[in-house]
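K.L.:
Just passing along the structure, written as structure tokens.
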Amino acid sequence: MAESTAWSTNAEVTWCPGCGNFGILTALRQALAAARLEPWQVVVVGGIGQAGKVAQYIGANFLHGLHGRAIPHALGVKLANPELKVIAVGGDGDMYGEGGNHLLHAFRRNPDIVCLAHNNGVYGLTKGQAAPTSSLGFTTKHREAGTHMPAFNPLAAGLAMGGSFIARGFSGDTKHLARLIGEALGHRGFGFIDILQPCVTYNHVNTAEWYRKRVYDLEVESHSPLDADAARARILEWPSEEEDVEIPIGVFYRSRRPAYETCGRPGQAVTGFAFDIEVVKKAMGEFR
Amino acid sequence: MTDVTLTVAGQAGQGIDTASELLARALVRSGYHTFSYPNIMSRIRGGHNFTAVRVSDRQVYSVPGKFNALLAMDELSVDEHRGDMVEGGMIIAEPPESPSPRPSPAGGEGEEAGIAFRVPMAVIAEKHGGTKRMANVVGLGALLALTGHPATGLRSLLKERFAAKGEEVVKQNLGCLKAGADYVKKKWGGTCPCELPKQTRQPRRLLVSGNHAIALGALASGVRFHAGYPMSPSTPIMEYLAAKQAEAGLVMEQAEDEIAAINMVIGASYAGARAMTATSGGGFALMVEGLGMAAMAELPVVIVIAMRAGPATGFPTRTEQGELLFVTSASQDEFPRFVFAPGTAEEAFYATNRAFELAARFQVPAIVLSDQQLSDSLWTVPSFNLARVKASSDFDELLWQGRPANSYQRYAFTRDGISPRLRPGTRGQLVRSLGTEHDEDGFQNEDKAVRVKMHGKRMSKFEAMARAVERPTCYPEETAEVIVFCFGSTYGAAREAVDILRAERASVAMVHLCDLVPFPRERVAGLLSPARKVITVEGNSTGQLAILLRRETGIKADEQVLKYDGRPFEAKALAEEIGAKCK
Ligand SMILES: Cc1ncc(C[n+]2csc(CCOP(=O)(O)OP(=O)(O)O)c2C)c(N)n1
Ligand code: SF4
Ligand SMILES: [Mg+2]
């Protein structure tokens, strides 16, 4: 089995000291090391932003693409070669803003892909604009009046779209997060984790301290992820505009649905060159 | 020589498509060449649609002028097309509600230029088929009988087409066909103002739309992945490949939008699949960032763009060539690409194969530029020659066996700028692809020297790419006083216009460019420079081909023929325009 050190690369990590992304990177490496996977069997697909850089920091195959497009890239990889373990990583701008439509349909499709959305409530790489997950009234340097929209609740969207694995983690609790990622890796379907991630530079509201005071583990509350009604209630606890709110983390909902790449598909890799001249001849004959 | 046009017209939903397609196919099987252009409105029911089927004993390439026969499924079609009939052409239509027909010498009733044969198609269809909806088959029977052409071909086609629906349906269709024929034979006794005699030879030919020729070209090139989002006039490509998934072992994914489509294609290409998408200009506008991503990551992708009139929604079901400059230069910064603009369905098949092969060989995006006329028309083509199709392997895994682990460099510098590809999932090696500027290993790198070298590596492919494209087509010869220069589906009308002008002893020839990017500068300059006059013909309002020609070769077109009304060029009208400009 590959050690967690084997899941690193020579690329220079360019995050700010104290950034929550470090915790996520550690947890992902631990989860991969525990999952009995070889690096060449894994493809990490990154969006563009601070979060997407994870692709280059994990010692696996990677496709580091475009802002917002990690999910369609990942789906293309998975449909072309179902044997690869595919992980899509991006920020809240990637997954909920620029690529929001892809996420909605990924829940519906349910491909066997792990999706990690680093939720720092802000656009880090472009220097601090509000993100879809910024709380109502979140102010930025140039917009002192703050946002006029409530925060996006990705878990609620996931549940409404038929998501089969809906979870939230916290970068400040790497052990818990590594376990969550491990579960998502083992789940045969779209393993979605919204990850609370403090941005020390641009988000002075949702700090590590702020989260630490509020998060609680669903498992400790003996929540059953098979109970959709209970999941809905927990999912709607947060984001909320109330000050003293508690934030559940863990697996909210889980269901068994066929993985998309197995539905009406060739069922094996369609990579590499192979074609049957008889099929082409027959196809041509149909135009006689 | 036979060159007649049989048109089927009516409302959307009246089976115009089916009737005209069955008619064309039956005639192709019996040895004729056809060209059918569907004139369709962007609606599913009502309105006025018509498909003109041009029938000839020689190959035909473009839309017809006047109609020799019209099968009108509603009265609006009669009114609409009276003026389109040749003198003495025949109109087959339902009896009018208040009849006041004048007798005509041919036996039918005179109706201005045409002669009307009033056949109660709906009533006959109800009697023999149990439903008015088979009126189009009754009409076909009547039409064929009036041309004197045997109905055997159409009979066997109906049998094949409806076999799956059961014997009863086949019997009803055959009954309707025969009843239509019997009605006109009895009433007008086989008068034939438009004759289609039996052909002596029946070579194996296909009746195929441009879209289907492209889809077949993709199949013959080993396509394994298609992601797309419906947009006229490209949609039949996606639908066809969807139906072929199981048989051909390919994946067709209907994406949530065009942005998703191109990016799925990029993901599949990275994984190692031969991958494509098809769309129209509006969808391609959404894909452009992905085009650059494919170029930067050096991933082969094939993008089919079937142009329609624009901008924005434009004319969804009508033709134009207004995106030439857009597709040749779309995206941020610079990178090499291929653009192919085939002139016929036959050329579209082979050009699609070149797109796949060359995209794979050079690891670049390739665009097949079609338009509504090429894509939607039904063409008669010789069976595609699979021996002419190139199909090679994109990977050489053996090369990597026994190499040290993690030694693969996706962007290794090589003499020709092409780095060997490897599929992710290869034991012991890692494949790193990205849209950010990078080093040989595939890691992000902002060093200016690395940037210059890596950009240079990508751009250096261009020269070899230019050597790999095909020469322009010259018709009927290379030199003439006047050269008509065109691209894409303008081929047919331009070629036939040249025939018309040469018959009048004008010294005119056509140079048609399919392989547009890389632009074959020397070859085009060599063909155009000696001419007294160069006339460009294209379907847009600013002369984009002329602009491209000037940019690439310095040659200024002496005259331009431009058309941007959403309708294809007609050979006769074009010949007149060119003729006037020749002087
Ligand atoms: C099409 C496109 N639009 C905009 C950008 C600029 N851009 C880069 S990252 C980013 C937002 C990053 O925010 P997020 O996805 O939340 O990632 P974070 O940096 O916060 O981890 C934007 C807008 C881009 N690269 N591409
Ligand atoms: S800006 Fe914020 S998200 Fe980006 S690296 Fe710094 S702390 Fe992390
Ligand atoms: Mg963010």
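The values are calculated or read from the model by the stated rules, or taken from the named source; none is laboratory data. These figures come from a predicted structure and were not determined experimentally. Cβ coordinates were reconstructed from backbone atoms using ideal geometry, including for glycine residues, and neighbour counts include every protein chain displayed. When the accessible area is computed, the model is the full protein with side chains, heavy atoms only, and any ligands, DNA or RNA have been set aside. Shrake-Rupley method; radii C 1.70, N 1.55, O 1.52, S 1.80 Å.
K.L.:
List every residue whose amide H lies under 5 Å from the amide H of A:Ile113, counting only residues 5 or more places away in sequence or on a different chain, with H placed 1.01 Å from N in the peptide plane.
P.N.:
A:Gly189, A:Phe190, A:Gly191
K.L.:
Here's a follow-up. Answer with one residue from B:Ala24, B:Val223, B:Met73: the one whose Cα lies farthest towards the positive end of the charge dipole of the protein assembly as shown, charges on Cβ with Lys, Arg +1 and Asp, Glu -1.
P.N.:
Sorting the options by dipole projection puts first B:Ala24.
K.L.:
While we're looking at this one, here's another question. Counting partner chain Cβ atoms within 10 Å of every residue's Cβ in A:93-102, what's the average?
P.N.:
Average per residue, whole number: 2.
K.L.:
Order the peptides B:478-489, B:165-176 from the highest to the lowest mean number of other Cβ atoms within 10 Å of their residues. Can you show the working numbers first?
P.N.:
Numbers: B:478-489: 23.5, B:165-176: 17.2.
Sorting B:478-489, B:165-176 by mean packing, highest first, produces B:478-489, B:165-176.
K.L.:
With an 8 Å Cα cut-off and a minimum separation of 6 or more residues, compute the relative contact order for segment B:177-303 in percent.
P.N.:
On the way: 152 pairs, mean separation 29.8, N = 127.
Contact order relative to length: 23 percent.
K.L.:
Might you tell me the accessible area per residue for the protein assembly as shown, computed with a 1.4 Å probe and given in Å²?
P.N.:
Here the residues of the protein assembly as shown average 39 Å² of exposed surface.
K.L.:
Evaluated at 25 °C with a viscosity of 0.890 mPa s, what Stokes-Einstein diffusion coefficient in µm²/s does segment B:473-582 have when Rh comes from the Kirkwood expression over alpha-carbon pairs?
P.N.:
Here the translational diffusion coefficient equals 181 µm²/s.
K.L.:
Still on this model: Rounded to whole Hz and in sequence order, give me ³J(HN,Hα) for segment B:298-309 from the Karplus expression 6.51 cos²θ - 1.76 cosθ + 1.60, θ = phi - 60°, writing x for Gly and Pro.
P.N.:
Those phi angles translate into 6, 10, x, 9, 10, 10, 9, 10, 9, 6, 9, 5 Hz.
K.L.:
Quick one: putting +1 on the C-beta of Lys and Arg, -1 on the C-beta of Asp and Glu, what dipole do you get for segment B:311-448 around its Cα centre, in Debye to the nearest 20?
P.N.:
With only Lys, Arg, Asp and Glu charged at Cβ, the dipole is about 540 debye.
K.L.:
Sticking with this one: Convex hull over the alpha-carbon atoms of the protein assembly as shown: what's its volume per residue in Å³?
P.N.:
193 Å³
K.L.:
Can you give the average number of partner chain beta-carbon atoms within 10 Å of each beta-carbon in peptide B:201-209, as a whole number?
P.N.:
If you average over the peptide's residues, the count of other-chain Cβ atoms is 2.
K.L.:
Determine the total buried accessible area between chain B and chain A, counting protein heavy atoms only with a 1.4 Å probe; round to the nearest 100 Å².
P.N.:
By this definition, chains B and A bury close to 4900 Å².
K.L.:
Which of the residues in segment B:230-278 lose at least 50 Å² of accessible area when you go from the chain alone to all protein chains together (probe 1.4 Å)?
P.N.:
With the partner chains in place, segment B:230-278 has these residues losing at least 50 Å²: B:Glu247, B:Val251, B:Glu253, B:Glu256, B:Asn263, B:Met264, B:Tyr270, B:Ala271.
K.L.:
Buried by at least 30 Å² relative to the chain on its own: which residues of segment A:35-49 qualify, computing accessible area with a 1.4 Å probe on protein heavy atoms?
P.N.:
Residues passing the criterion (a loss of at least 30 Å², heavy atoms only) are A:Trp40.
K.L.:
On each of the three principal axes of the Cα atoms of segment B:208-388, give max minus min coordinate, whole Å, ordered largest first.
P.N.:
Taking max minus min along each principal axis of the Cα atoms, segment B:208-388 gives 41, 36, 28 Å.
K.L.:
Right, another one. First measure r as the distance between the Cβ atoms of B:Ala163 and A:Asp244, then evaluate 1/(1 + (r/R0)^6) with R0 = 45 Å and state the FRET efficiency to the nearest 0.05.
P.N.:
0.05
K.L.:
At 7 Å along the Cα-to-beta-carbon direction for both A:His204 and B:Glu522, put a label point, then send me their distance in nm to one decimal.
P.N.:
Placing both labels 7 Å along Cα→Cβ, they lie 6.6 nm apart.
K.L.:
How much net charge surrounds A:Pro266 when only other residues with a Cβ under 11 Å from its Cβ are counted (Lys, Arg +1; Asp, Glu -1)?
P.N.:
Around A:Pro266, the charge tally is 0.
K.L.:
Now for a different question. Let me check I've understood the local charge: for B:Ile259, count other residues with C-beta under 9 angstrom from its C-beta, Lys and Arg +1, Asp and Glu -1. What total comes out? Mind dumping the intermediate values first?
P.N.:
Details: positive: A:Arg69; negative: B:Glu256, B:Asp257, B:Glu258, B:Glu289.
Combined, the nearby Lys, Arg, Asp and Glu give -3.
K.L.:
Computed FRET efficiency, Cβ-Cβ of A:Lys127 and B:Ala312, R0 41 Å: what is it to the nearest 0.05? Intermediate results must be reported in sequence, preceding the final value.
P.N.:
Details: r = 34 Å, r/R0 = 0.83.
The value I calculate is 0.75.
K.L.:
Less than 10 Å Cβ to Cβ from B:Gln11, Lys/Arg counted +1 and Asp/Glu -1: what total charge do the surrounding residues give? If you can, show how the numbers build up before the last one.
P.N.:
Numbers: positive: B:Arg43, B:Arg45; negative: B:Asp74.
Local net charge: +1.
K.L.:
With a 10 Å radius around each residue's Cβ, average the other Cβ atoms per peptide and rank B:224-231, A:215-222, B:349-356, highest first.
P.N.:
So the peptides B:224-231, A:215-222, B:349-356, ranked by packing, come out B:349-356, B:224-231, A:215-222.
K.L.:
Right, here's the next one. Can you tell which of A:Ser224, A:Gly264, A:Asn21 lies farthest toward the positive end of the dipole of chain A, using +1 and -1 charges on the Cβ of basic and acidic side chains (Lys, Arg; Asp, Glu)?
P.N.:
A:Gly264
K.L.:
Quick one: grab the alpha carbon gyration tensor of segment B:396-468, order the square roots of its eigenvalues as a ≥ b ≥ c, and give me rounded if a/c is under 1.5, else prolate or oblate depending on whether a/b is larger than b/c.
P.N.:
Because a/c hits 1.5 or more and a/b fails to exceed b/c, segment B:396-468 counts as oblate.
K.L.:
Which shape class, rounded, prolate or oblate, goes with segment A:193-288 when its Cα gyration tensor gives a ≥ b ≥ c as root eigenvalues, a/c under 1.5 marks rounded, and past that a/b bigger than b/c marks prolate?
P.N.:
Prolate shape, in that a/c is at least 1.5 and a/b is the bigger ratio.
K.L.:
Just to confirm the number: angle between the C-alpha axis of helix B:281-297 and the first principal axis of chain B, 0 to 90 degrees, nearest 10?
P.N.:
Taking the Cα atoms of chain B, the angle to B:281-297 is about 30 degrees.
K.L.:
Is there a quick way to get the dipole size of segment B:42-89? I mean about its Cα centre, with the Cβ of Lys and Arg at +1 and of Asp and Glu at -1; what is the value in debye to the nearest 20?
P.N.:
For this selection, approximately 240 debye.
K.L.:
Turning to a different aspect of this structure: Taking each residue in B:210-219, count the Cβ atoms of any other chain within 10 Å of its Cβ, then average. What number comes out?
P.N.:
2
K.L.:
Something else now. Given R₀ = 56 Å, what would the calculated FRET efficiency be for A:Asn10 paired with B:Asp558, taking r from the Cβ atoms and rounding to 0.05? Numbers along the way, then the final one.
P.N.:
Values: r = 60 Å, r/R0 = 1.08.
The formula returns an efficiency of 0.40 here.
K.L.:
At 1.4 Å probe size, with the rest of the protein present, what percent of the exposed accessible area of the protein assembly as shown is carbon and sulfur atoms? Don't jump to the answer; show the numbers that get you there.
P.N.:
Working: 16990 of 33660 Å².
Ligands and nucleic acids excluded, carbon and sulfur give 50 percent.
K.L.:
Go through A:Phe152, A:Pro111, B:Val431 and say which Cα lies farthest out towards the positive end of the charge dipole of the protein assembly as shown; charges sit on Cβ, +1 for Lys and Arg, -1 for Asp and Glu.
P.N.:
B:Val431
K.L.:
Classify segment B:232-318 from the C-alpha gyration tensor, please: rounded if a/c falls under 1.5, else prolate or oblate depending on whether a/b exceeds b/c.
P.N.:
Taking the square roots of the gyration eigenvalues as a ≥ b ≥ c, segment B:232-318 is oblate.
K.L.:
What is the gain in length, in nm to one decimal, between B:Arg502 and B:Glu477 on full extension, counting 0.36 nm per residue of separation less the C-alpha to C-alpha distance?
P.N.:
7.8 nm
K.L.:
Hey, how many Å between the Cα centroid of segment B:537-562 and the Cα centroid of segment B:1-62?
P.N.:
32 Å
K.L.:
Taking the DSSP beta bridges in segment B:3-188 as the whole, what percent of them are antiparallel, to the nearest 5?
P.N.:
For segment B:3-188, the DSSP antiparallel bridge percentage is about 65.
K.L.:
Taking 0.36 nm per intervening residue step and subtracting the Cα-Cα distance, what contour gain separates A:Asp227 from A:Thr26 on full extension?
P.N.:
Net length gain for the segment: 69.3 nm.
K.L.:
Beyond a 31 Å Cα-Cα separation, which of these cross-linked pairs lie in this structure: B:Lys132/B:Lys572; A:Lys85/A:Lys213; A:Lys53/B:Lys461; A:Lys282/B:Lys159; A:Lys53/B:Lys448; B:Lys66/B:Lys127?
P.N.:
The pairs that break the limit, which is 31 Å between Cα atoms, are B:Lys132/B:Lys572; A:Lys85/A:Lys213; B:Lys66/B:Lys127.
K.L.:
Suppose we compare each residue of segment A:253-281 in its chain alone and in the full protein complex with a 1.4 Å probe; which ones drop by at least 40 Å² of accessible area?
P.N.:
For segment A:253-281, once contacts with the other chains are taken into account, A:Arg265, A:Pro266, A:Val270, A:Thr271, A:Gly272, A:Phe273, A:Phe275, A:Val279, A:Val280 lose 40 Å² or more.
K.L.:
Using a 7 Å offset from the Cα along the Cα-to-Cβ direction at both A:Arg188 and B:Trp400, what is the distance between the two label points in nm, to one decimal?
P.N.:
Modelled inter-label distance: 2.8 nm.
K.L.:
Another question, then. Please get the size of the charge dipole for chain B, origin at its Cα centre, with Cβ charges of +1 on Lys and Arg and -1 on Asp and Glu, quoted in debye to the nearest 20.
P.N.:
Working: 66 positive and 66 negative charges, 282 e Å.
I would put it at about 1360 debye.
K.L.:
Next up: Could you order peptides A:90-99, B:463-472 by the average number of other Cβ atoms within 10 Å of their residues, highest first?
P.N.:
Values: A:90-99: 28.0, B:463-472: 16.1.
The peptides rank, most packed first, as A:90-99, B:463-472.
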